[in-house]
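*Asks:* Following this message is one structure expressed as structure tokens.
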Amino acid sequence: NVPALKKVYAEYFPMGVAVSPRALKTDEAALITKHFSSMTPENAMKMGPIHPKEHEYFWKDADSIAAFAARTGMKLRGHTLVWHHQTPDWMFTDSKGDTVGRTVLLQRLKEHIFAVAGRYKGKVYAWDVANEVISDRRDEYLRRSPWLRIIGPDFIDSAFTWAHQADPAAQLFYNDYNEISPVKREKIFRLVKGLKDRGIPIHGLGLQAHWAVNEPGRGQLDSTLQRFAQLGVNLQITELDISVYPKEHDARARPAEDSNTAFSAAREQQQREVYGMTFELFRKYRHVITGVTFWNISDRHSWLDDFPVQGRKDYPLLFDAQLQPKKAFSDVIRFA
Ligand code: XIL
């Protein structure tokens with residue numbers, strides 16, 4: 001019989017998983033409640049889905065996830081209040097179709113945060129307040145999103161301040177990816193440290209951890225966690241998956257792979273090693289890591305099936321398409 005992940009890790013950190021309202025109505029629900037003690041709505045709380053028009057909110061999906069969490073005694077992570085993706089066009093446009101100015105956009109962001117964080121006050125224990133605001137370009141600090149262009153960099157401070165006012169008990173996180181790249185790592189460090197130094201309410205850093213069979217290496221991950229631990233805020237692994245497709249720093253260099261053969265014995269072995277190594281390091285940093293969340297439940301469906309290549313099946317999780325634990329599962333629990 002398969003041990004429950006959340007029990008094996010009970011002394012370390014809560015184990016979480018990203019969910020859709022649909023998954024909670026299938027046989028995946030039993031797997032979720034057996035192995036996980038926390039959930040994150042994969043899309044339902046994002047600005048586009050939850051706030052489709054200026055004075056119109058769509059609560060149904062997020063409410064159903066929050067109700068499931070309450071019913072099953074699971075913790076709920078909120079994701080996310082301000083992002084450059086899945087944000088409705090109306091947010092940046094006025095009734096004439098022109099781009100809004102700073103004052104209007106700040107007001108809209110404030111209303112959004114008070115409405116969403118306010119509705120889930122006491123239900124969501126941690127919010128990813130700002131997501132991916134840092135640029136991946138070597139010579140650029142913040143991403144040139146409409147938020148930055150229209151408001152300026154202080155939209156980030158304001159978002160945290162309002163989230164804290166709307167739900168003073170919620171832990172507030174900054175969340176980003178490519179966290180293991182040494183250049184981006186320092187920019188993330190600078191952002192979180194800046195927020196802290198200015199007295200902005202921030203309690204944690206979320207590392208998305210969209211990794212692959214070829215990275216991160218042990219030394220790279222160890223030094224990343226060591227560096228971020230110096231921030232003096234909680235760390236959470238917020239969107240973990242290990243793609244079977246090696247990360248390509250030059251996409252043109254590698255021929256396309258057939259997704260039916262991608263989960264080969266060799267790739268499976270590499271994936272087991274990366275899963276084993278990453279959890280070994282998560283355990284090493286248990287004093288700062290307060291949660292580890294997988295991005296999707298099983299290889300039946302992953303967002304990586306359509307990213308970065310549409311329709312390329314991936315096998316990034318601990319459970320296979322039949323919801324059975326993969327061999328990598330044993331590498332994650334072996335220490336116990
Ligand atoms: C993804 C979802 O999993 C997909 O269903 C959706 O189509 C796009 O967004 N970083 C994040 C997540 O912070 O919100 C993204 O989720 C994956 C990358």
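*Asks:* Quick one: helix 154-166 against the long Cα principal axis of the chain, what's the angle to the nearest 10°, folded into 0 to 90?
*Replies:* It is inclined by approximately 90 degrees.
*Asks:* How do 227-239, 102-114 rank on mean C-beta neighbours within 10 Å, highest first? It would help to have the intermediate numbers written out before the result.
*Replies:* Numbers: 227-239: 20.2, 102-114: 16.5.
Sorting 227-239, 102-114 by mean packing, highest first, produces 227-239, 102-114.
*Asks:* In whole Hz and in residue order, list the ³J(HN,Hα) couplings for the stretch 104-120 that follow from phi through the Karplus curve 6.51 cos²θ - 1.76 cosθ + 1.60, θ = phi - 60°; x for Gly and Pro.
*Replies:* Karplus-based 3J(HN,Hα) across the stretch 104-120 equals 5, 5, 4, 4, 5, 5, 4, 4, 4, 5, 5, 5, 7, 5, x, 5, 9 Hz.
*Asks:* Then there is this: Where does helix 60-72 land angle-wise versus the long Cα axis of the chain, in degrees 0 to 90, nearest 10?
*Replies:* Between helix and principal axis, roughly 50 degrees.
*Asks:* May I ask you to order 12-20, 119-127 by the average number of other C-beta atoms within 10 Å around their residues, highest value first? Mind dumping the intermediate values first?
*Replies:* Details: 12-20: 22.9, 119-127: 19.7.
The most tightly packed comes first, giving 12-20, 119-127.
*Asks:* Could you tell me the distance between the Cα centroids of the stretch 191-246 and the stretch 28-47, to the nearest Å?
*Replies:* Result: 21 Å between the Cα centres.
*Asks:* Between Lys75 and residues 5 or more places away or on another chain, which pairs have amide H atoms under 5 Å apart, with H built 1.01 Å from N, and which residues are they?
*Replies:* Ser38, Met39
*Asks:* Could you list which residues have their amide H under 5 Å from that of Leu235, counting only those 5 or more apart in sequence or on another chain, with H placed in the peptide plane?
*Replies:* Leu205, Ile289, Thr290
*Asks:* Scan around Asn214 for amide H atoms under 5 Å from its own, H built in the peptide plane at 1.01 Å from N, and keep only partners 5 or more places away or cross-chain.
*Replies:* Amide H to amide H, under 5 Å and 5 or more residues apart or across chains, Asn214 pairs with Lys247.
*Asks:* Against the longest principal axis of the chain, how steep is helix 218-229, in degrees 0 to 90 to the nearest 10, with axes from Cα atoms?
*Replies:* Its long axis makes an angle of about 30 degrees.
*Asks:* Something else about it: Enumerate the aspartates and glutamates that Lys123 could reach by cross-link, defined here as Cα to Cα under 12 Å, with residues fewer than 8 away along the same chain left out.
*Replies:* Straight-line reach from Lys123, under 12 Å: Asp63, Asp167.
*Asks:* Could I ask something else about it? Could you work out the local net charge near Arg283, counting Lys and Arg as +1, Asp and Glu as -1, over the other residues with Cβ closer than 14 Å to its Cβ? Before the final figure, lay out the partial values.
*Replies:* Values: positive: Arg218, Lys284, Arg286, Arg334; negative: Glu11, Asp222, Glu280, Asp331.
After counting each charged neighbour, the total is 0.
*Asks:* From the helices alone, meaning DSSP H stretches of at least four residues, give me the mean residue ellipticity at 222 nm for the chain, per-run term -39500 (n - 2.57), in deg cm²/dmol to the nearest 500. Let's see the in-between values first.
*Replies:* Details: 11 runs with 120 residues, N = 336.
About -11000 deg cm²/dmol.
*Asks:* Among the listed pairs Lys284/Lys327; Lys53/Lys196; Lys46/Lys96; Lys196/Lys313; Lys121/Lys193, give every one whose C-alpha distance is greater than 31 Å. If you can, show how the numbers build up before the last one.
*Replies:* Details: Lys284/Lys327 22 Å; Lys53/Lys196 33 Å; Lys46/Lys96 25 Å; Lys196/Lys313 41 Å; Lys121/Lys193 26 Å.
Beyond 31 Å: Lys53/Lys196; Lys196/Lys313.
*Asks:* List Glu179, Glu280, Glu186, Glu28 from most exposed to least, where exposure is judged by having the fewest other Cβ atoms within 10 Å.
*Replies:* Values: Glu179 26, Glu280 16, Glu186 11, Glu28 21.
The order, fewest Cβ neighbours first, is Glu186, Glu280, Glu28, Glu179.
*Asks:* Sort the following peptides by mean Cβ neighbour count (other Cβ atoms within 10 Å, averaged over residues), highest first: 215-223, 315-323.
*Replies:* 315-323, 215-223
*Asks:* With both partners inside the chain, how many of the DSSP beta bridges are antiparallel, as a percent to the nearest 5?
*Replies:* Details: 5 of 37 bridges.
Here the antiparallel bridges make up roughly 15 percent for the chain.
No value in this document is a laboratory result; all are computed from the given coordinates. Computed from a predicted structure; not experimentally measured. Every residue, glycine as well, gets a Cβ built from its backbone with ideal geometry; the counts of neighbours run over all protein chains shown.
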